[in-house]
Amino acid sequence: MKLTKLLALLLVAILLAGCKKPEANTAPKSIDDILPKQAQPKLPTMKIYLGAETLDAELALTIEQIQTGMMFRTNIQDSDSMLFDLRIPQRANFWMKNCPESISAAYITPDGIIAEIHHLEKNDTNGVVAATDNIRFVLETSDGWFARHNVNTGMVIRTERGALADTFLRR
C-alpha cells in the first residue's frame, strides 16, 4: 500500500510540474548582445620585427581578446599594433564593428609570411575575408602603416623569441 501511495504522489507531482505556466519567451540574443561593450585594456606586448621595422605588438591570444581586438579604441598611433594568434590556419575574416578608426591588417601564414595586407574601414560590418585558408596570424596597425614603412606581402615576421610559429607553439 505504501508503494501505491508513493507512486500516486509521484504522479501528482509530475502532473503539477507539467501544469506550470510556461515562462515568457525571451527574445533571442542579437550579435550586439554578445559583443564587448568597451575597449579592452592594453594587452601584454611582444617585440616583433618586420624587415627593418620593429613594433611592440599587443598580443590577442584568448577568444575574448581576439573578439574584442581594437574595438572602441580611438587615437590609434603609428606605434600601436595588435597581433592575433588564431591558433590554427584558417580563412581569416575580420570586420570593424565598433571600431571608430580605420586600420590596416596583415594576414600572415603559419610560417610568418605576410600573405595579404588589407585596409579595414572604420565601423564596416562587412568582413574582410582572406584569399586563402592558410592564415594563422593577423597583425593590425594604424591605417596605412604597412605602406608608410615599406612592409609588403612576402615579408617574414619574427619575434624577439624567433619565428612566429616557434614563438607561439612554445607558449
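What to note about this one:
- For the range 34-44, filtered to residues that are without any contact (Cβ under 8 Å) to a residue 60 or more places away in the chain and either touching a Pro at 6+ places or on another chain (Cβ under 9 Å) or in a loop (DSSP other than H, G, I, E, B) (or both), the residue that is farthest from GLY144 (Cα to Cα) is LYS37.
- Restricting the first member to the range 133-154 and to residues that are over 11 Å from ALA105 (Cα atoms), and the second to residues that are part of a loop (DSSP other than H, G, I, E, B), the beta-carbon pairs closer than 6 Å and six or more apart or on different chains are ASP133/ARG91; ASN134/THR109; ILE135/ALA92; ARG136/PRO110.
- Selection within the range 117-171: residues that are of a type in the set (Asp, Glu) and part of a loop (DSSP other than H, G, I, E, B). The member of this set that is farthest from ILE103 (Cα to Cα) is GLU160.
- The residue of the range 153-170 that is nearest to GLU116 (Cα to Cα), among those that are among the hydrophobic types (A, V, I, L, M, F, W, C) and over 21 Å from the mean Cα position of the chain (by Cα), is MET155.
- Count - residues of the range 42-58 that are of a type in the set (A, V, I, L, M) and farther than 21 Å from ASN75 by Cβ: 4
- Residues of the range 71-90 classified as out of contact with any Cys (no Cβ under 6 Å at 6 or more places or on another chain), surrounded by 13 or more Cβ atoms within 10 Å (Cβ to Cβ) and at negative phi, total: 12
- Restricting the range 57-70 to residues that are buried (at least 18 other Cβ atoms within 10 Å of the Cβ) and assigned to a loop (DSSP other than H, G, I, E, B), the residue that is farthest from the chain's Cα centre (by Cα) is MET70.
- Residue satisfying all of: in the range 119-152; surrounded by 13 or more Cβ atoms within 10 Å (Cβ to Cβ) and of a type in the set (Gly, Ala, Ser); nearest to the chain's Cα centre (by Cα) among these: GLY127
- Failed item, numbered, when MET82 is tested on (1) more than 29 Å from GLN38 (Cβ to Cβ); (2) in contact with a Gly (Cβ under 7 Å, 6 or more places away or on another chain): (1)
- Checking LYS47 against (1) surrounded by 17 or more Cβ atoms within 10 Å (Cβ to Cβ); (2) outside any loop (DSSP other than H, G, I, E, B), the condition it does not meet: (1)
Read-outs throughout are calculated quantities, based only on the coordinates presented, and are distinct from any laboratory measurement. Owing to the predicted nature of the structure, the values given are computational and were not obtained by experimental measurement. When we count neighbours, we look across all protein chains shown, and the Cβ atoms used for this are built from the backbone with ideal geometry, even at glycine.
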